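Input: a single structure, listed below in structure tokens.
The values are calculated or read from the model by the stated rules, or taken from the named source; none is laboratory data. The structure displayed is predicted, hence computed values, not measured ones. Don't worry about glycine lacking a Cβ; one is built from the backbone with ideal geometry, like all the others, and counts go over all protein chains shown. Side chains included, ligands, DNA and RNA excluded: accessible areas come from the protein's heavy atoms. Shrake-Rupley method; radii C 1.70, N 1.55, O 1.52, S 1.80 Å.
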Amino acid sequence: MSAVTDPVPVFQRMAVIGLGLIGGSLAAAVRRGRLAETVVACDRRYEDAVLGQQLGVIDEAAQSIAEAVSGADLVVVAVPVRATESVLEQIKPHLSAHAVLTDVGSTKASFVAAVEAVFGELGPNIIPGHPIAGSEKSGVTASNPDLFAHHKVILTPAENADPDKLAKLTRLWEGCDATVLTMSVAYHDEVLAATSHLPHLIAFSLVDTLAGEDQNMDIFRYAAGGFRDFTRIAASDPVMWHDIFLSNREAVLRVIDHFSRDLDQLRTAIADQDSTTLLKVFSRAKAAREHFSKMLSGQAYVTDMSQNQVTFHLKPGGRMTGDIRVPGDKSISHRSIMLGALADGVTEVNGFLEGEDSLATLQAFRDMGVTIEGPDSGHVRIHGVGIDGLQAPRGPLYLGNSGTAMRLFTGLLAAQPFDSELTGDESLSKRPMGRVADPLRAMGAVIETGEAGRPPLKIRGGQSLTGIRYEMPVASAQVKSCLLLAGLYAEGATSVTEPAPTRDHTERMLEGFGYHVHRSGATASVSGGGRLTATAIDVPADISSAAFFLVAASIAQDSDLTLRHVGMNPTRVGVINILRLMGADIEIANERDIGGEPVADLRVRSANLKGIDIPEDQVPLAIDEFPVLFIAAACAEGETILRGAEELRVKESDRIQVMADGLAAIGVQTTVTPDGIVITGGQTMVGGTVDSHGDHRIAMSFAVASLRAEGEIEVTDCANVATSFPGFVELAQSTGIQIVAEGI
Ligand code: S3P
């Protein structure tokens, strides 16, 4: 809420010590928003305080610090960082016991040190602050009440900080339309050294170097936009920056060393005409920059992505028509990066899924030193480093929401010479990893898991693995693939037997890369010690994403929808088999094979579905499609029974319970069993609000349900749809679902 509409001032009398750009802008914003009854300021140059008063930036110009501070219930120190201590000395005798004391300096440890020197300790009323906003202009005349709008302000309160005072200071900054974050002093200083102080140093240094060149006039005359953008900050206040570098010396030196090393590496690469290193660094930087721009959305400091709330609003009814291609297969996209990275040569991928999950895999391989160009409209070029070419990542590999990435990586990393750590988001952090850690340990891997076998995983490098024969207790393609990947590095043969057929993309793709996989019945084996040869991969459209549209066009009236180039691997077609058993009208045309994976075009038309007893052997073949199959069951005539599907409880959410709750929320009662569900079709879907629990497939399933609902459906927590299906909302809209997404 903007402060303009809030007439109750947060403070009575705010004293600003130092009326430069930041002090003046805060004063102006506080006055405009009536956040303090009176704003008084003093400045080293009294004329500037008087000027501030004439400009309407402050109410009163004080002649001294003593005069400004007396009677103030908020004192803001806005002087150059190195002047802080002497200013605090002058503030101390006049500071009321109840007043809040804060600052706006760019380094926080130095402010705390100055406070400790003057006051003995950081008392509960002293709360350091730092608005992440600025301008290359300086002085009171540059005061701008909008300077902090849509910017971050970082407060670094000590543990003993008075919560009421902290809340008031937060309200004051929020009243200036800033977003307030809190963090520790040390963390603040590290982050700022890297994101703000180093870039300023480089800008100052670069402009200085070029200005010293003989042809400097020409250099500046011909300077292109890039130079201007890049060096804008070299026009910032020299005294202020001198102070900042000396105050945040340790953290700044650390990042300068880091940067110098990397710059040297680039110098060598250019000297040696080493295109691989240049391409690697540039494409990694480009990808990181694009990733940041998404997150930053024009702001100076990142927001917590978990606060990114997306809600789907769905109007009831609609018919499905069109001719579409859904995005690339997630399982195959992950594997294309993994095997491409380990291969000798350059692997070209087309149809790559640019969803958050497969992008997490791509980023993780970049972090392990692999040069990957793209993705660019589904096209990716992976410069393979060979089976032994991965390098230690600098920090933990963050895999977001992706269980596939985490489980397959564990097998691969267990065999590397370096240590690694795998982390994920809230949902992934709850998922069982013992299923991969246990058999890998039997091969000789050293893996530490979090509580109850959950992430994070710490993998000790340098172990020599030995092949095992493993009978999987659960039918899991992720476990199978994990062990086969570890088996590439193990001594002897590694064989995995599955209790029921699971997706075999790893086996097919290994063959495509020239690595033989021996398959006999339910067992797949590899022998360690071979090499992979780069290849071309054409990723089919994901049948798991197509599933939403297969069900949508089946349940909506007068529908006729064509889905192109859909992956039809026999281990994935459970959804088609089940829908056909329910009476769906799905025509399969143009069946062909691309790079070892079958694909086809599917035409689906409305049908009167009927309830069935789902054959248990179809469960692993449709494991990801049950959420939307439950919607089909709810629209069918009669009862649908699912058994033998306890695995659904450990997916991105407990998909049995979360779907049952969601169905209940829109008026459909079900009976949940430990390993399945019973759904009686034909109940009226009255509409309502469904919590998707951050599970992408739950969110999309209820979007499909709207086609047969009688009232509006709202689905919350939908941001994760981007993990598997970027562009879902637009594609759903264009084919007939009346969906609007809020919060994207
Ligand atoms: C996947 C295997 C399946 C599936 C997941 C992707 C894969 O998991 O649910 O979405 O790419 O190997 P499980 O192996 O745990 O069944």
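Points worth noting:
- Other residues with beta-carbon under 15 Å from the beta-carbon of I91 carry, at +1 per Lys or Arg and -1 per Asp or Glu, a net charge of -4.
- Placed amide H near V100: partners under 5 Å, 5+ positions off or other chain: L74, V75
- Rg/Rh (Cα only; Kirkwood hydrodynamic radius) as it applies to the chain: 1.04
- With q set to 0.15, 0.23 Å⁻¹, the log10 of I(q)/I(0) for region 561-684, from the Debye formula over equal scatterers at the Cα positions, is -0.70, -1.32.
- HN-Hα J in Hz across region 399-416 - Karplus 6.51, -1.76, 1.60, θ = phi - 60°, x for Gly and Pro: 10, x, 9, 8, x, 4, 4, 5, 6, 5, 4, 4, x, 5, 6, 4, 9, 8
- D (Stokes-Einstein, µm²/s), Kirkwood Cα radius, region 332-538, 1.306 mPa s at 10 °C: 96 µm²/s
- Principal axis extents of the Cα atoms in region 339-437, from largest to smallest and rounded to whole angstrom, are 34, 30, 23.
- Counting Lys and Arg as +1 and Asp and Glu as -1 over every other residue whose Cβ lies under 14 Å from the Cβ of G226, the net charge comes to +2.
- Extension gain for Q669-L279 works out to 134.8 nm (0.36 nm per residue, less the C-alpha to C-alpha distance).
- Protein heavy-atom accessible surface, 1.4 Å probe, per residue over the chain: 41 Å².
- Measuring r between the beta carbons of E116 and D323 and using R0 = 51 Å, the FRET efficiency lands at 0.15.
- The angle between the Cα long axis of helix 163-175 and the longest principal axis of the Cα atoms of the chain comes to about 90 degrees, rounded to the nearest 10.
- Positive minus negative residues near I677 (Lys, Arg vs Asp, Glu; Cβ under 13 Å): -3
- Sites Q63 and R249, calculated FRET efficiency, Cβ-Cβ separation with R0 25 Å, nearest 0.05: 0.10
- Once the Cα gyration tensor of region 11-183 is diagonalised, semi-axes √(5λ) in Å: 21, 18, 15
- Packing rank of 98-105, 650-657, 182-189, where each peptide gets the mean count of other beta carbons within 10 Å, highest leading: 98-105, 650-657, 182-189
- Estimated 222 nm signal from helices in the chain, with DSSP H stretches of n ≥ 4 weighted -39500 (n - 2.57), rounded to 500: -11000 deg cm²/dmol
- If you plug the beta carbon distance of L206 and E421 into 1/(1 + (r/R0)^6) with R0 = 30 Å, you get a FRET efficiency near 0.25.
- For region 11-183, the number of Lys pairs separated by eight or more positions or lying on different chains, with C-alpha atoms closer than 24 Å, is 10.
- Fully extending the segment from D376 to R232, taken as 0.36 nm per residue of separation minus the present Cα-Cα distance, adds 48.8 nm.
- Note on region 191-273: Cα-only Rg and Dmax are 14.4, 41 Å.
- Here each label is just a point 7 Å from Cα along the line to Cβ, and for D388 and T689 those points are 5.9 nm apart.
- By average C-beta atoms within 10 angstrom, highest first, the peptides 46-58, 82-94, 250-262: 46-58, 82-94, 250-262
- For region 11-183, the share of DSSP beta bridges that are antiparallel, to the nearest 5, is 10%.
- The modelled label-to-label distance for the pair E637/E448, using points 7 Å beyond Cα in the direction of Cβ, is 6.2 nm.
- Dividing the mean sequence gap of close Cα pairs (under 8 Å, 6+ apart) by how many residues region 191-273 holds gives a relative contact order of 44 percent.
- Eligible lysines near K480 by straight Cα distance, threshold 25 Å, same-chain separation 8 or greater: K330, K430, K458, K651
- Computed Rg/Rh of region 429-535, alpha carbon atoms with Kirkwood Rh: 0.97
- Span per principal axis, largest first, for the Cα atoms of region 513-563 (Å): 56, 28, 11
- The chain - percent of accessible surface contributed by carbon and sulfur, probe 1.4 Å: 51 percent
- Highest-first packing order for the peptide set 599-610, 686-697, 664-675 is 686-697, 599-610, 664-675, based on the mean count of other beta carbon atoms within 10 Å.
- Sorted into 5 angstrom bins from 0, the C-alpha pair distances of region 316-382 split as 4, 17, 28, 21, 9, 6, 5, 4, 3, 2, 0 percent.
- In degrees, nearest ten, helix 543-555 long axis to first principal axis of the chain (Cα): 70 degrees
- Using only side-chain charges placed at the Cβ, +1 for Lys and Arg and -1 for Asp and Glu, the dipole size of region 459-585 relative to its Cα centre rounds to 380 debye.
- Mean separation of Cα pairs under 8 Å and 6 or more residues apart, divided by the residue count, gives the chain a relative contact order of 10 percent.
- The alpha carbon centroids of region 467-526 and region 681-735 are separated by 35 Å.
- Helix 477-487 axis versus longest C-alpha principal axis of the chain: approximately 80°, rounded to the nearest ten.
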